[in-house]
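Some notes on the structure that comes next.
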Amino acid sequence: GERSRLWLYKDVYNVFKNNTGTNKVKGIMLKESIRWNADEQIIPLNSESFSKLNGLQILLIDYLHANVFSGNRVDYLPNELILLHWVKCPLRYFPSNFYPKKLVVCKMEFTLTSSPLTVLKIGVERKMPWICMSPLGAGVQSLQKLKSLELEFCRGAEMFSDFSRFLNLEELTIRSSEKIKKIEIVKEMTSLKRLDLSGTAIRELPSSAIGHLINLEQLILFGCKKLRHVPCNIFELQHLQLLYLKGCEKLVTFPTKSEFSTESTSLQDKHYAPLFVNLRDCENLVEIGEFSRELYGLEACGCDKLKRVSKLSDILEGNDSRMIPRMNLSACSSLYSNVARKVAKMKRNLPDDSKLTALFSLFLSCRQSEYHVKLPVIDIPEWFTVRMDV
């Protein structure tokens, strides 16, 4: 316990087993890449485990495939912590006297074998049946330096209350927490750039919450299997570059330009970042309407019930001549049938191979310097001379 850094398993075990830590210890790091034998003893945790480690600044426990700690309660965690990264954390709550004013990174993944986490407490006394970041408490107020918060496998939690008290938070990840149904954001979070709610049970994102994320660049909702609705004001996020909705299998409709309120600020008055939208494997999605802002990519592979993409329809009907630069529409069987019928109707007197040629011609006539459209594997028409066999 006299060294400033501990990374050997035996040393960490001895410090916690014998409670021999000192304020000289600045960092404890246990990583799976550092050899650990199953024969080695589990590190015991008790109420006094961190009581002598009041100078600890870095606590990094990254053992994905092994539970190396026993016990689910400590009465003290060092307030000097700058980085707190604990995979398979056995704790059911943080101690009420934990005021980590210097904390910059907090990444927690809670063990699946211990009792469900009942409350993540940072300076608040009251236990609640969900993870709690409020009401106002000194601990919450003091986390003004926190930039990254990542919570995974919070199986006992059903909601998160307001995160807007984390004034400098840039990245918020709440992942693989199957009971989380609601995320509350009641004030502007001007620093937040990345929000990842993958694998949660949320059904919708309130438009009021979206309106508070004014500088958001990435919104990731991968595998949110109960998500049914995405608010149309999501396109008003001026800096949004990535909207990732892959595997949201209950998503039926997608917000369109026509859904914007007449009271909304005109998108033409501001400069908006080009947006990439991933709707891959949204199995029940029926239509992708007109987007209210520029897209540089649309991924819709595996949307089997998709019948209409507004951009394609407008091009086929001659109402638009600008293609989305990158678009993947493979494995969208219903869409292919509709496009084929539309081309057949437009070119009724042409043989089938000429209809295909007409479709390629429409694509090639788009006013775009470069674009990529991925459709099912078909023979390239003989007239298309720019080709390379692979």
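The values are calculated or read from the model by the stated rules, or taken from the named source; none is laboratory data. Predicted model only: the values in this text are computed from it and were never measured. Cβ atoms come from the backbone with ideal geometry, glycine included; neighbour counts cover every protein chain shown.
Results for (1) surrounded by fewer than 17 Cβ atoms within 10 Å (Cβ to Cβ); (2) more than 19 Å from residue 252 (Cβ to Cβ); (3) under 13 Å from the mean Cα position of the chain (by Cα), shown as yes or no for each residue.
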| site | (1), (2), (3) |
| --- | --- |
| 189 | no, yes, no |
| 199 | no, yes, yes |
| 203 | yes, no, no |
| 209 | no, yes, no |
| 212 | no, yes, no |
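At pLDDT 90 or above and in contact with an Asp or Glu (Cβ under 7 Å, 6 or more places away or on another chain) - does that describe any residue in the range 56-64? Yes, the range 56-64 contains a residue that is at pLDDT 90 or above and in contact with an Asp or Glu (Cβ under 7 Å, 6 or more places away or on another chain). Within the range 315-334, the set of residues being over 25 Å from residue 238 (Cβ atoms) and either surrounded by fewer than 16 Cβ atoms within 10 Å (Cβ to Cβ) or modelled with pLDDT of 85 or more (or both) comprises 317, 318, 319, 321, 328, 329, 330, 331, 332, 333, 334. Looking across the range 170-219, the residues that are assigned to a loop (DSSP other than H, G, I, E, B) and of a type in the set (Ser, Thr, Tyr) come down to 176, 177, 190, 191, 198, 200. Report whether or not residue 154 is buried (at least 18 other Cβ atoms within 10 Å of the Cβ), at pLDDT below 85, of a type outside the set (Lys, Arg) and in a loop (DSSP other than H, G, I, E, B). Considered against the rule, which asks whether it is buried (at least 18 other Cβ atoms within 10 Å of the Cβ), at pLDDT below 85, of a type outside the set (Lys, Arg) and in a loop (DSSP other than H, G, I, E, B), residue 154 comes out as yes. With the condition kept exactly as written, say whether any residue in the range 8-29 is modelled with pLDDT under 90, β-branched (Val, Ile, Thr) and within 33 Å of the chain's Cα centre (by Cα). The answer is no, given that none of the residues of the range 8-29 is modelled with pLDDT under 90, β-branched (Val, Ile, Thr) and within 33 Å of the chain's Cα centre (by Cα). Restricted to the range 223-246, and to residues there that are in contact with a Phe, Trp or Tyr (Cβ under 6 Å, 6 or more places away or on another chain) and part of a loop (DSSP other than H, G, I, E, B), the residue that is surrounded by the fewest Cβ atoms within 10 Å (Cβ to Cβ) is 238.
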